[in-house]
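Read-outs throughout are calculated quantities, based only on the coordinates presented, and are distinct from any laboratory measurement. Just so we're clear, the structure is a prediction, and the values are computed from it rather than from any experiment.
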């Protein structure tokens, strides 16, 4: 599927616009209703690597549901993606996987589009969901967000990964009980791939110098 620039621009409405743009389906097959997506693996995919595809394969085996990938063009930590960014990342998925493009930088926003979905995440992503700094250091705001996720029927399938220098599992994280209750863990005996998108980008840059 080719992404038209006008469709991309529809994902970035002017500030203050009340309506949220609908997700865009970027796969050759007919688009399902986004609200029927059962298993979603969100990420920047810069680049898409073997760790991502292995996580998707394990999740499909465990949950019995096809994994849809999701890229938000707006991110809470990074600059908004450009049209060139998005088309380059889309090309990685050609004939390989289902992909949604959204304007949903937070998991509460993702959950609104994909209620009752299971989100496939790494330990580092789960740590960010729990971190007060993403809620203006307001624990009440964090707890309200987790409550919204629970109300929308969200689950997290959590994969261990190297985080802050060591391989971490759920037992290594300090999570609010309400968030921990939404999580199911994939044990390291079933999945472990110490692959970092950042390291891959750095290696690629070093190879081009």
In terms of the alpha carbon gyration tensor, root eigenvalues a ≥ b ≥ c, rounded if a/c is under 1.5 and otherwise prolate when a/b exceeds b/c or oblate, the stretch 41-137 is oblate
GNM on the chain, Cα springs under 10 Å; top mean-square fluctuation among 14, 177, 28 goes to 14
For the stretch 5-204, the Cα convex hull volume per residue in Å³ comes to 135
Expected max-MSF residue from 38, 180, 133 in the GNM of the chain (alpha carbon, under 10 Å) is 133
Per the rule of 0.36 nm per residue minus the C-alpha distance, extending residue 2 to residue 82 adds in nm 27.3 nm
In nanometres, the difference between 0.36 nm per residue of separation and the alpha-carbon distance of residue 95 and residue 18 is 24.2 nm
Ranked by GNM mean-square fluctuation in the chain (Cα springs under 10 Å), the top entry among 53, 144, 118 is 144
